[in-house]
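Reading through the structure tokens given below for one structure.
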Amino acid sequence: MISVTINMRAQFYDLDPMGMVWHGHYARYLEEARCALLDHIGYNYQDMAESGYLWPIVDMQLKYVRPLQFQQEMRITATLVEYENRARIDYLIVDAATNQVITRARTTQVAVLASSKEMQLVSPAIFLDKVQQALS
């Protein structure tokens, strides 16, 4: 498995009227970690487009365990757990100070051939090669 961890801080503009981070902002936190993971693999969104593939998210699951509050430091770990037929990434958001779990999440992306918009049933060779290089 390939994992990357980033650090973030909950900002004022992320808060809802109750003073907690609004649930919809967690998708952006996942995106930040996912981009760091894809950069680490060497196959980020620009690389995907240049190779002729789109990788839309087809499923996203979030489990909110504890709320995030203003200025709270968090660590977000993104782990590629499946890549042969799709890219499945698991996420863990923890409080940076206490290591308490805040959120668990998962996203699933599939390769789509950009020219035909046809979903691929197997991950493209370029992605598989990049993952193998990152694993070694």
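A few points about this structure:
- Under the criterion of Cα pairs below 8 Å and six or more residues apart, the relative contact order for the chain equals 29 percent.
- Computed magnitude of the charge dipole of the chain (debye, nearest 20; Cβ of K, R +1, Cβ of D, E -1): 300
- Top of MET119, MET18, MET48 by mean-square fluctuation, Gaussian network on the chain, Cα under 10 Å: MET18
- Each residue of region 53-69 was assigned a 3J(HN,Hα) from its phi angle through the Karplus curve 6.51 cos²θ - 1.76 cosθ + 1.60 (θ = phi - 60°); the sequence is 10, 9, 10, x, 7, 10, 7, 9, 10, 10, 10, 7, 9, 9, x, 8, 10 Hz, with glycine and proline shown as x.
- Principal-axis tilt of helix 125-135 within the chain, Cα atoms, nearest 10 degrees: 50
- Each Lys or Arg adds one and each Asp or Glu takes one away; over the other residues whose Cβ falls under 10 Å from the Cβ of THR103, this sums to +3.
- Spherically averaged projected area in nm², based on the convex hull that wraps the Cα atoms of region 1-127: 8.1
- Summarising the label geometry, the points placed 7 Å from Cα in the beta-carbon direction at ILE2 and GLN71 lie 3.8 nm from one another.
- Cβ-based net charge around LEU38, under 12 Å, with every Lys or Arg adding one and every Asp or Glu removing one: -2
- Mean residue ellipticity at 222 nm, helices only, the chain: -7500 deg cm²/dmol; runs of at least 4 DSSP H residues each add -39,500 (n - 2.57), and the sum is divided by the number of residues.
Quick note: the coordinates plus some simple rules give every number you see, no bench work behind them. The model shown is predicted, which means the values in this text are computed figures rather than measured ones. A quick note on method: Cβ atoms are made from the backbone with ideal geometry, for glycine too, and the neighbour counts reach across all protein chains shown.
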